[in-house]
Amino acid sequence: MSNYETREHDVLVVGAGGAGLRAAIEAASKGLRVALVCKSLLGKAHTVMAEGGIAAAMATVDSRDGWQTHFRDTMIGGKYLNNWRMAQLHAQEAPECVTELERWGAVFDRTHDGKILQRAFGGHTYKRLCHVGDRTGLELIRTLQDKGVHSGIDVYMECTISKLLKDEDRIAGAFGYFREDGRYILFRAKAVVLATGGVGKAFLVTSNSWEYTADGHALAYDAGADLIDMEFVQFHPTGMVAPTGVRGILVTEAVRGEGGILRNSLGERFMWKYLPEALKNDYAADEAEAKLWVEDTLSGKLRTDHRRPPELSTRDNVARAIYQEVKAGRGSPSGGVFLDISYQPADRVKKKLPSMYHQFKDLADVDITKVPMEVGPTMHYIMGGIRVDADTAESRVPGLFAAGECSGGMHGANRLGGNSLSDLIVFGRRAGRGAATYASNLGTLPRISDAEVNDAIDELEAPLKRSEGPNPYHVQKKMYEITGECFSIFREEGDLTKGLRLMEELKEEIKRVRGPGGKAYNPGWHLCRDLRNLAIAAEAIGRSALSRRESRGAHSRLDYTETDEKLGHENTSIFRGPDGSMHLEKTPLPEMPAELKEILKKKEVAHA
Ligand SMILES: Cc1cc2nc3c(=O)[nH]c(=O)nc-3n(C[C@H](O)[C@H](O)[C@H](O)COP(=O)(O)OP(=O)(O)OC[C@H]3O[C@@H](n4cnc5c(N)ncnc54)[C@H](O)[C@@H]3O)c2cc1C
C-alpha cells in the first residue's frame, strides 16, 4: 500500500478563494488549528479574476440605499427562489464585511469626498458595487491573503482533495494528493469547510478557469449532502467571441455599468425590446434619458435622478436577448453583438476599465477606446450548490460546512452581479464561525478507518493502472458536446432527455478512462478525476432542468416559456441514493416572515 503523510487540524478549509480564506481567518481567530488547502498557488483562486465589484448597501453614493433594498433586489433577481434568510443576512452583513476588508488594508476607488465609490450594475436599484477599477477580486484576495498568512493558518498549496472521510455519519477529514508529484496526504479534522468554487469546466464556452471542476459539489454529494437549484446556471451575457482561442473570457458587466451600449448588426439598441413588462419603469424610457444617466455617471457629480439604461437589466435577460438577436441573423461577424464604450473619452475608459482595455488589445488586437467589442453569452456561474443552513453554513452532514460558489440557496434562480464577492465574505465568515463552534464542541478528533483511506487511494490509482481505456481528453470533448447542445441557455424536454441518456453512456466511459504515466506532472491523470466530478455536476444540472417545467431566472425552457407561480415555492434537491445513483426530490421553501414579505411588496423602501 502507498505511503501517505497525516496532518491533524481542528478545521480543514478546502479552497483558498474569497470564501475559503475568509472562513479560515474566522476559524483561526477562535484559537483553533486551521488548515487551508488549494489546488493552485495561494492567491491564484478564481476570486482573483473578479472584475466589476462587490455589492454592499453602503449608501456612499446614493443615500437612498439600505439593506432592505439590497435584499429586495436580490430576491427579485433570484425570482424569489432564494433562501430568504441567506438573502437577508447577506444584505445586512455585506456593508460591515466590506468595512472590515478596508480595515485590513483593501483600497477601494473613492468618491471626491473620500468615501468608497460605488458603481451601477444589472438588477441593483442603486449604485452599489464597491470596486477597484475592474480588478476588485485581486484587491479582495490580496487583502484576505495578507490577513490570512498572519493568522497562523497552515497552507497546503497545489494539493487536490479527492475524498471526504467520515466517522460513521460525521465528517472526520479528507484525503488528497499533491499535484506536482502525486504524493498523498491524509487530513484528520473535526470540521471541514468546502469553498471550492463552481462547475464552469463542464461547459466548453466559459469564463471560468481550469480549477472549476465541481470538486466541492461532488465531494459533498459523495459524502451524503444534498445539492439544490442545480438547474440554475448563469450564462453571462458578455464573453469574448473572437478570436476562437479566447472565446468565453469575461467582458465585465462594469463595461455596461460605466455606460456601455449594446447594438446588433443593424445598429439597433435592442435591449429595450427585451425588458420584462413589469420592470420597464425601472429603466430609462428612451435614448435621451439613458444619455442623461451616462452624463450623470461621467460627471462624477453622482446625481441620482435618471433611470438606468436597459443594458443594466439582469444577466439572464441580457444573455437571452443577445442569443435571440444572433439567432435572428442580427449578430456581429463572429457570432455575437456589439458592446460599445468607445464613445466615451479614451482616458476615462482606460482608467475605469484597465483590464478590459488590455484584454482586448492583447488578446484580440482591438482598441476598445476606438471601436466596439464583439460579445456573446458565456457560462459564468452556478447558482446551485451544497444545501447549507443559512446561519451556520453547515450541510446536512454533521461537521461539513460550505461557503461561496459551491454552496446553494443564496442567489435563487439568478445571481446579481457583485453579489458573489459579498456572498464570499459574509458566508465565508459564517462558515468559519460555524465550523469553529462545531469543532470546539466536539472534543477529540473523529476516527478514520484504514479501509476508507485505502479506498481513496485505489480510486485515485485506477486510471494509472489501466492498460487500456478511453482517452480522458476525448471524453471531455464529448461532455462539452452534451452540455453545450442539451443543457445550455435554452432547454427543452427532448434535448434534456437525450443529454441525460448520453451522460449515462459517458459515465460508463469515465469509469474506464486511462491516465497513463506516473503521478508526477501528469495532467491526464488529474483530468480522469475531474471528469468524474464534472459528470456529477452535469447530470445534476440536466436532471434538475428536466424536472423544472417552467422558465424562471437563468432556467429557460422552450417548451414551458412561462413562469409558473406554483413552482416558485420549491427547490430541486439532488442527492445520492443508497444504491449510489442520483435521486431528485422537490423541497418546499421555508416560509418568509411577514416583515420581509412587506419589503418585497414595496416599490421604494425607506431606510432608517
Ligand atoms: C472573470 C470573472 C469575473 C467575475 N467578476 C465578479 C465580480 O465583479 N463580482 C462578483 O461578485 N463576482 C464576480 N465573479 C464571480 C466570483 O468571482 C466567483 O463566484 C467567486 O470568486 C468564487 O469564489 P469562491 O471562494 O467560492 O471560489 P474560488 O475563488 O474559485 O476558489 C476556489 C478554491 O478552491 C480550490 N479548490 C477547488 N477544488 C479543490 C480541491 N479538490 N482540492 C483543493 N482545493 C480545491 C481552488 O484551488 C481555489 O483555491 C466573477 C467570475 C469570473 C470568472
Output for the range 67-85, where each listed residue is assigned to a loop (DSSP other than H, G, I, E, B), surrounded by 24 or more Cβ atoms within 10 Å (Cβ to Cβ) and more than 15 Å from the chain's Cα centre (by Cα)
LEU81, ASN83
Can you find a residue that is within 22 Å of GLY53 (Cβ to Cβ), surrounded by fewer than 24 Cβ atoms within 10 Å (Cβ to Cβ) and among the acidic types (Asp, Glu) anywhere in the range 246-254?
no
Requiring at least 1 residues that are in contact (Cβ under 8 Å) with a residue 40 or more places away in the chain, within 16 Å of the ligand (Cβ to nearest atom) and within 30 Å of GLU394 (Cβ to Cβ), the helices (runs of 4 or more DSSP H) wholly within the range 207-305 are 215-223
Within the range 172-195, can one find any residue that is of a type in the set (Phe, Trp, Tyr), in contact (Cβ under 8 Å) with a residue 40 or more places away in the chain, part of a loop (DSSP other than H, G, I, E, B) and within 15 Å of the ligand (Cβ to nearest atom)?
no
Determine which member of the set LEU144, LEU140 is modelled with pLDDT of 95 or more, under 18 Å from the mean Cα position of the chain (by Cα), within 11 Å of the ligand (Cβ to nearest atom) and not polar (S, T, N, Q).
LEU140
Does ILE161 meet the test of being crowded, with 24+ Cβ neighbours inside 10 Å, near the ligand (Cβ under 10 Å from one of its atoms) and not in a helix (DSSP H, G or I)?
yes
Could you please find all residues in the range 470-487 being surrounded by 20 or more Cβ atoms within 10 Å (Cβ to Cβ) and either over 28 Å from the mean Cα position of the chain (by Cα) or more than 27 Å from ASP181 (Cα to Cα) (or both)?
MET479, ILE482, THR483, CYS486, PHE487
Could you tell me which residue of the range 196-206 is surrounded by the fewest Cβ atoms within 10 Å (Cβ to Cβ), considering only residues that are away from the ligand (no atom under 11 Å from the Cβ) and part of a loop (DSSP other than H, G, I, E, B)?
LEU204
Output for the range 357-404, where each listed residue is under 30 Å from GLU325 (Cα atoms) and within 19 Å of the chain's Cα centre (by Cα):
GLY376, PRO377, THR378, MET379, HIS380, TYR381, ILE382, MET383, GLY384
Quick one: in the range 52-66, of everything that is charged (D, E, K, R) and surrounded by fewer than 24 Cβ atoms within 10 Å (Cβ to Cβ), which residue is farthest from the ligand (Cβ to nearest atom)?
ARG64
Return a yes/no flag: does the range 106-120 have any residue that is within 12 Å of the ligand (Cβ to nearest atom) and in a helix (DSSP H, G or I).
no
Residue set ALA462, ALA413, ALA436; condition at pLDDT 95 or above, more than 16 Å from the ligand (Cβ to nearest atom), under 30 Å from GLY518 (Cβ atoms) and not aromatic (Phe, Trp, Tyr); output residue ALA462
Count of residues meeting criterion [of a type in the set (Phe, Trp, Tyr) and within 12 Å of ALA218 (Cα to Cα)] in the range 180-201:
0
Taking the stated definitions as given, is ALA191 buried (at least 24 other Cβ atoms within 10 Å of the Cβ), of a type in the set (A, V, I, L, M, F, W, C) and closer than 20 Å to ASN3 by Cβ?
no
ARG532 passes all but one of the listed conditions (1) assigned to a helix (DSSP H, G or I); (2) in contact with a Gly (Cβ under 6 Å, 6 or more places away or on another chain); (3) not aromatic (Phe, Trp, Tyr); the exception is number (2)
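The values are calculated or read from the model by the stated rules, or taken from the named source; none is laboratory data. Worth saying up front: this structure is predicted, and the values here are computed from it rather than measured. All Cβ positions, glycine included, derive from the backbone under ideal geometry; neighbour counts span all protein chains shown.
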